[in-house]
Each structure stands twice: as structure tokens, then as C-alpha cells.
Amino acid sequence: MNPFATLGLEPAVSIDAKEIERRYRDLQRALHPDRHAQKPASERRMHLEKAVEVNEAYRVLTDDVRRAEAVFALRGVAVDEKDGRIDPAFLMEVMELREGVSEAAAKGDAAALVRFVADAETRRAALLAELEQAAGANGANGAAVDEARATELLGRLRYVRRLLDELEAMTADLEEA
Amino acid sequence: MALLQILDPGAKPKPIGIDLGTTHSLVAYVTATGEPVTLADCDNETLVPSAVRYAPDGSVVVGKQALDAAAHAPAETFLSIKRFMGRGSADVAKEPHPYKLVGTDGAPRFEVGAGRAVTPVEVSAEILRELRNRALDELGGVGGAVITVPAYFDDAQRQATKDAGKLAGLDVLRLLNEPTAAALAYGLDAKKNGTFVVYDLGGGTFDVTVLVLDDGVFQVKSTGGDSHLGGDDMDRALAELLAGDAAANLTTDSRRALELAARQVKHALSERDNVNADIELPGGARVTRTVSRTDFEQAIAPLLDRTLKAARRALRDAKLGAADVDGVILVGGATRTPAVRRAVAELFGKEPLTSIDPDRVVALGAAVQADILAGETGRDDVLLLDVLPLSLGVETMGGVVERILPRNTPIPAAAAQVFTTYADQQTGFELHVVQGERELAADCRSLAKFTLRGIPPMSAGMARLEVRFEVDANGILHVSAKEQRTGIEQSVDVEPTYGLGDDEIERMLLDAYEHGEDDVKKRALTEQRVEAARILDATRAALRTDATLLEPGERELIDKHVVALEMAAAGEDHHAVARAIESLDHAIKPFAGRRMDRAFREALRGRDLGGLESETAHAKGIESHLPQGERDGRTQVEK
């Protein structure tokens, strides 16, 4: 499925979050099963299927990694997670970051965790910008996609995302302690 | 007692909203002027205590009378039965309660007098029946019902609630999350857009929900809570405090008496700083003690901390901070406790909203939603978008959970997963579905075992079983499966871990009718006629407004089926009505598909100010996205 088409959007790595929300709500306003509770069974079923699809598209588009994957999948790039062969230098960097994060968490250094989050967010933004370029930018149809580069960047984005998830969990643990 | 109770055949049945609470329940409806109101009994009392007594003479008493009996007949008087809904016997056995639990596995059963045992679903059905009768007396006829559940209820708890509704003779339009219902009641009042948090501390459950209100759309962003934490636990903590050193040696009866008294003390402490308690226990012993508000607040501090922790997690899940919240809504009687209000105000940095009675707000919201679902109002500006409260997963090798749908996924939702066979000629396959956030299946809630049958025999590993998990707008899971190579649909048998099987519910329903099969037939005919009227109305309306979408010859075909259904509905055979409904449904399907596509396009275009170019692009996107064949293929997955 093409989640961008479902929400009536052009495929792009970066999309205005407000625009996604707006379209999502407009579509659900028209399609949600509650709007059709008095309709015949097949019609209710049809709207249910459509509402499910809109919900799924919304989930993909509001998730950085899945949204970027969807862009490349539409450009014919295989984005299977297993295919990623990531630059060892980048992996070393992430490993060091992780160690730093674990140390900060063990010491209960909340301020350090906040700095790590800011750093990871900067990396994420940079990767998204690079991915946008690799995808041939907005609307530049026909531009060749550098598959190897796309795979590499997506792999890195997944690593940064995982790091951010870990940071969130650690920050939460610290808050609750 | 008769379930088919029609007082005024001329009165149009009114949809109702029911708040089925741990300590008390209530029913509401929307008046002709569009105002939601709760229904009171002859003493002007709107709250029905959620107490059910099975008296020795075989009669069943619900409400205040049952509550009054609770202290002297604890084993046969059920209080807070909601805590046991959708739970297994083993779980129930671990909790202190005065009931006679029989059996050790599956759904719990409690012995209430000679040879009679009841399940929590049946006990809850008695409460619902009481509310239904109250509504019948007042309104003359009851249409569909929306029943509220804690947002944090899992699939088994929801299914149990739905079963109880069915057993009480209600047409359950929807299970609605309590915080969402409360937000609906508030939102319609305030007409204000923004981000809201609903903090709902009821008698036995705690929910916290973060939602965004945008021009009538209530979009839940995240939800969290604890389905076993509430005012009851405060009563227990206070009872311990009252009993002091004697707490460890209390009999079950004394404990219940003390807890009931503690509730009164708790209420008094909301108004005063000190309360002198003087409680007589069964057997004549007395407990006299002065409790200060400070003592009480210290005793409940750990409980409050748990709620605040859940609230912070819900905020994180919604990717929001406390400062982003525009308003906090308090729901549930336990939020009357000053310490609760203070803690919430402190966490969010603002005074919570309490303008609607926290005991009644949920029922009021449920009534509004019932009205909307029954198509009673012209209220097409309101829509509730809810989420799955707990992750759904299947057990894989080594007892590890593979997540299918994460928590806070917007519902309705679906996910498909492909499995294969591990033995040659294998024709069956078992899936264990669990719910929860833990890594191991043993640490999550077991929902059900689904057995797929009818897999075409092949070599091991050849079959490709696509299992589709679908969560409906009630938050209830449905599973279907198909072998992809052959396209053969598998039948799926569900064996709920703690719930009741469909046949068990049917049997209980039959038992509930006075005249057994005759009543069932009469009821089926009534239901089919209502459904027939619904589809006929919808069809006529569609033909009026969207005639331009009809293809040549289609109108004649539809008209033919309309006439056939009208004739069947005038007859007495409910099977014939059902068949005619199905035929008409089938005949209008292509027309309905075209209407939906157009609505979809219009919804996207509505806000599109980007000019002609992007508009064509969108339209193209939709076309390419929805080929006729694919849509038909999908709708075949119906069960």
C-alpha cells in the first residue's frame, strides 16, 4: 500500500506533521465506522476496511523510519532491514554513544541524558535531510536513486532511532526512581 | 423475568448510555432537546450501587438493598464484581474476597446457594438488567446501548463486558472507554480545541488518557492506567489503618464490614480534618479510633504515586510534556479526595476541571455516543478516535512474544502476519495470542488460543498462512486466516483463556428467557425487523442523494430487492428476513463502493488549497490505490 496516496500526500521523507494530522482527521471524519453505524453490513464493512487503512497509513507517516522506508519502497529500492551493511566507523560512533548513555544512566545524570537526546535528535534531523536528497528530493521524478546510499542512510536512521528509544526509556526510569 | 418487555409499542426505542462501574453504575439518555441526562429512581437516586445479592430464596437483588445486605451476607452478595471481569480463577483466588470460588481454571464461578454457581459476567448482567429496566420504565423503550469500560481494560475484560450486555438483553452498540466518554461530555460543553488529559480514578480502576480535541474530533493520543487500582484500594488502606494491630487477624466478614465503614470515613475526611470512627464488627467487637486527614493521606500516598507514574508515561507516549496540556478533566468518585486533586494539580501545573459531576460524567458521555451511533442526532460534527490500550502479540518459539500491534495504535486497526507449517500434511495450526508489554508470553495476559483448521495438506514449510488480526472500534480482537497459495480460507476456533465460549453465552441467554426457544425466535424476528428498517432507510436515503452514481439497470435491481425485503419483513420468519437483508446488501454493494470512493475523495479535497496540480495528483493517487479488484479481494476476508 502507498500510505502517502491514502492520505493524499506526495511521497517525501519530511512532511509537515500538522498536515498529516489534518488529513487524517478529515478522512476519519468521512470514513470512520461510527459515521456509518446505521448503514447495511457490507457498507459498514467497507468503511471499516478503509478506516483501518487510513489508520495504518497514519501510523507509517507519523514514524520517521517507516515513512522514509515507504518513500524508497515507492522508488523501487529494497529497504529490507537485513540488507543494511553499515559503515563500521558509524557503528563505532554509535557504540561509544551508547556506552556514554549507559554510564550517564548508571550515575543518574539526567542533564547528561538530556544532552545525549539533543545530540541524537540533531543526527536524526541530518539523516532525514540526507535521505530526502537521496530520494531525489521532492517531486524530482525520474532522478536516479542511489540504492546503496539509501540503504546505508536508512540503516543509520534505524540505529539513531533505537538510541533515542533507549534514551527515552532511561529518562523515564530516572524520573520514576 | 421477561426480557421482551414492551410497555408502549408506539414509543420509539431510545438509545442509552451505561456506566458500569466498580462501586456504582448508572444509565443516561439524550432528551428530545439534545441534553444528556442521567435516569433516577423514585427516590431521585441516580447511582445504583454495583451490588448483587443472590438471596437464599433464589431471588436476585441489585443495588442499595443488596449493598445493605453485604455486611451480613458477604458470600452471596457481590461487590466490586468488575474487578473479576475477564480474569481467570487462579487470579481471583489470589485476591482476598468472601465468595465461595468453585473450580480452579477457566472463568471463575462462585457458589451462591444450593447447586447454583454464577460467573462475574452473569453478576454484571444483573446490574445491567436493573439499569435497562430503569430505562424501560422511564422511556418506554430501549434502543441500543453504549456501555463504558476502563480504557485500560484488555481484550478479555472487554469481551466479558460485552457478553454481560448481551446476557442482559441489550443491543450493545459499542464499548466506549470511560475517559473518552468523559471528554465527550466535557468537550461538547466547552467547545474548546486543545490537548486534554483525563484522570479517571474510579472505585476499582484507574485510567489516564491524553487526547486532542479538534473541531469535534476527539483523538486519543495515548492511554494508560491500572485496571486494579481505585477508591476500593483507598478504603482497604484506610481499613488497615483503622484496624491497627488487629489488621492481620481479621475474619473475612470483619474485613468487609471494616472496609465498608472505611468508605464512610474516607468521604467524611474529604470535608473534615479529623474523624472519630466507631465501628461495630460482626461478632460484637468494636473499633474506635480517631483518624486525621494527614494519616489517611499518608496511607494512600503509594496508591497516588502509581497513578502519577501512569500519567507521566501516558504523556511520554503522546510525546508531550505537562506544559502542553490545556486542561485536565477529573472523573470518578475517588477524585473527590482532596489529596488526589492536589497531586493532579501539581503534576500538570493547573487546576483540574470539575464542573461536571465526576460520578455522572461518564454515563452522560456514553449517552451522547449512543445517540450518535443510533443515528438519532444530526450530530455529524462529533467523532471519537480511540486507541488500543495494551500491545497485542503472539507467542513464538521459546515463549517470546512477537508484537503484532503496539499499544496506542489507533483503532480500528489490522495487521497481517505469515506463518508456515512445520510438519508434512499438517492441516491445523495453533496460535496463542497475548496482551501486554512484557517480553515473555508468560508475563503477559493470555487472551485466547486460536486454532486454524482446513489448511490444504502440503509438505512442511510450504503452506503460507496469512493470519489477519483485526481490532474493532470496541478494542476487541478478531482473527481470520487464509492459505496464500491456494487462497483457501481457514476456519478459526477461539478458545478464550478466561472468558466464556459463544455456546456458553447462548445457553445462558436461553436460560434467561421464560419461554426458552419461543422467546428467542420472537426476539430474533424483532431484531431482524429493526435491521431491515435500518437498511431500507439507508438505501432509500442513498438513492435520493446519490442517484447520479447509479449505473444503467442498477436502480431496477435494487428496487427489486427492496420490495422483496419489505415483504419478508412483513412476514413472521426471521430467517427469511435475514436472507432478504443479505440479498439487498449484496445488490447495493457496488453502488455503496462508489459512494464511499467519492466521500473519500471529497474528504481529501475539502482542505486542499494547493491548487489544481496537486488536486489531480491526489485523485490519481487514490485511483491507483484502490483498484476495483483489490478492494473486492479484501472484502472477502469477512467472517
Next item on the list: Determine whether residue B:388 is buried (at least 21 other Cβ atoms within 10 Å of the Cβ), within 14 Å of another protein chain (Cβ to nearest Cβ), over 18 Å from the mean Cα position of the chain (by Cα) and not basic (Lys, Arg).
Entry: no
Item checked: Members of the range B:79-102 found to be assigned to a helix (DSSP H, G or I) and over 17 Å from the mean Cα position of the chain (by Cα), listed by number -> B:89, B:90, B:91, B:92, B:93, B:94
Next item on the list: Test each condition in (1) in a helix (DSSP H, G or I); (2) within 28 Å of the chain's Cα centre (by Cα); (3) away from chain A (no Cβ under 14 Å); (4) in contact (Cβ under 8 Å) with a residue 40 or more places away in the chain for residue B:341 and report the one that comes out false.
Entry: (4)
Note to self: I'm trying to understand the selection: among the residues of the range B:195-214, which are modelled with pLDDT under 90 and not in a loop (DSSP other than H, G, I, E, B)?
What the structure shows: B:214
Check: Filtering the range A:12-34 down to residues that are more than 7 Å from chain B (Cβ to nearest Cβ), surrounded by fewer than 21 Cβ atoms within 10 Å (Cβ to Cβ) and not hydrophobic (A, V, I, L, M, F, W, C), which residue is nearest to residue B:376 (Cα to Cα)?
Finding: A:21
Note to self: Tell me yes or no: at least one residue of the range B:217-229 is basic (Lys, Arg) and either within 30 Å of residue B:315 (Cα to Cα) or in contact with an Asp or Glu (Cβ under 7 Å, 6 or more places away or on another chain) (or both).
What the structure shows: yes
Checklist line | Of all residues making up the range B:313-328, the number that are in a loop (DSSP other than H, G, I, E, B) and surrounded by fewer than 17 Cβ atoms within 10 Å (Cβ to Cβ) | finding: 3
Item checked: All helices (runs of 4 or more DSSP H) inside the range B:522-639 with 1 or more residues being modelled with pLDDT of 50 or more, within 13 Å of another protein chain (Cβ to nearest Cβ) and farther than 30 Å from residue B:469 by Cα -> B:554-570, B:574-606
Next item on the list: Keeping to the range B:434-457, report how many residues are at pLDDT 85 or above and surrounded by 14 or more Cβ atoms within 10 Å (Cβ to Cβ).
Entry: 8
Next item on the list: Confirm whether residue A:59 is over 13 Å from the mean Cα position of the chain (by Cα) and charged (D, E, K, R).
Entry: no
Check: Restricting attention to the range B:329-347, which residues are buried (at least 22 other Cβ atoms within 10 Å of the Cβ) and under 17 Å from residue B:315 (Cβ atoms)?
Finding: B:329, B:330, B:344
Notebook entry, point to check: Quick check: is even one residue across the range B:280-288 in a strand (DSSP E or B), more than 14 Å from every other protein chain (Cβ to nearest Cβ) and polar (S, T, N, Q)?
Noted result: yes
Item checked: Matching residues, the range B:215-240, being assigned to a helix (DSSP H, G or I) and either among the aliphatic types (A, V, I, L, M) or in contact with a His (Cβ under 7 Å, 6 or more places away or on another chain) (or both) -> B:234, B:237, B:238, B:239
Next item on the list: Give the number of residues within the range B:125-176 that are in contact with a Lys or Arg (Cβ under 7 Å, 6 or more places away or on another chain) and assigned to a loop (DSSP other than H, G, I, E, B).
Entry: 5
Item checked: The one condition in (1) exposed (fewer than 13 other Cβ atoms within 10 Å of the Cβ); (2) modelled with pLDDT of 80 or more that residue B:503 fails to fulfil -> (2)
Check: Conditions: (1) of a type in the set (Asp, Glu); (2) part of a strand (DSSP E or B); (3) buried (at least 21 other Cβ atoms within 10 Å of the Cβ). Residue B:359 meets all but one. Number of the miss?
Finding: (2)
Item checked: Selected residue (criterion: farthest from the chain's Cα centre (by Cα)) from residues of the range B:560-597 that are basic (Lys, Arg) and either crowded, with 19+ Cβ neighbours inside 10 Å or under 18 Å from residue A:48 (Cβ atoms) (or both) -> B:594
Next item on the list: Please work out if residue A:97 is more than 7 Å from every other protein chain (Cβ to nearest Cβ) and in contact (Cβ under 8 Å) with a residue 24 or more places away in the chain.
Entry: yes
Check: Does residue A:70 qualify as being within 14 Å of chain B (Cβ to nearest Cβ) and either at negative phi or surrounded by fewer than 17 Cβ atoms within 10 Å (Cβ to Cβ) (or both)?
Finding: yes
Check: In this structure, is residue A:86 more than 8 Å from chain B (Cβ to nearest Cβ), more than 30 Å from residue B:591 (Cβ to Cβ) and in contact with a Lys or Arg (Cβ under 8 Å, 6 or more places away or on another chain)?
Finding: yes
Margin query: Checking residue A:41 against (1) touching a helix residue (DSSP H, G or I) at 6+ places or on another chain (Cβ under 7 Å); (2) within 14 Å of chain B (Cβ to nearest Cβ); (3) aliphatic (A, V, I, L, M); (4) buried (at least 17 other Cβ atoms within 10 Å of the Cβ): exactly one of these is not met. Which one?
Written below: (4)
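Out of all the residues in the range B:39-47, is one or more in contact with a Gly (Cβ under 7 Å, 6 or more places away or on another chain), at pLDDT 85 or above and not basic (Lys, Arg)?
Narrowing the range B:39-47 to residues in contact with a Gly (Cβ under 7 Å, 6 or more places away or on another chain): none.
Looking for residues that are in contact with a Gly (Cβ under 7 Å, 6 or more places away or on another chain), at pLDDT 85 or above and not basic (Lys, Arg), one finds none in the range B:39-47, hence no.
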Notebook entry, point to check: Of (1) of a type in the set (A, V, I, L, M, F, W, C); (2) at pLDDT 90 or above; (3) not in a strand (DSSP E or B), residue B:16 satisfies all except one. Which?
Noted result: (3)
Margin query: Considering only residues that are within 14 Å of chain B (Cβ to nearest Cβ) and under 11 Å from residue A:101 (Cβ atoms), which ones fall in the range A:151-167?
Written below: A:164, A:166, A:167
Margin query: Just the residues that are acidic (Asp, Glu), under 13 Å from residue B:534 (Cα atoms) and in contact (Cβ under 8 Å) with a residue 40 or more places away in the chain, please, taken from the range B:563-585.
Written below: B:585
Note to self: On the basis of being touching a residue at least 40 places away in the same chain (Cβ under 8 Å), surrounded by 17 or more Cβ atoms within 10 Å (Cβ to Cβ) and more than 15 Å from residue B:134 (Cβ to Cβ), does residue B:38 make the cut?
What the structure shows: no
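The values are calculated or read from the model by the stated rules, or taken from the named source; none is laboratory data. Since the model is a prediction, treat every value here as computed from it, not as a measurement. Glycine gets a Cβ as well: all are built from the backbone with ideal geometry, and neighbour counts include every protein chain shown.
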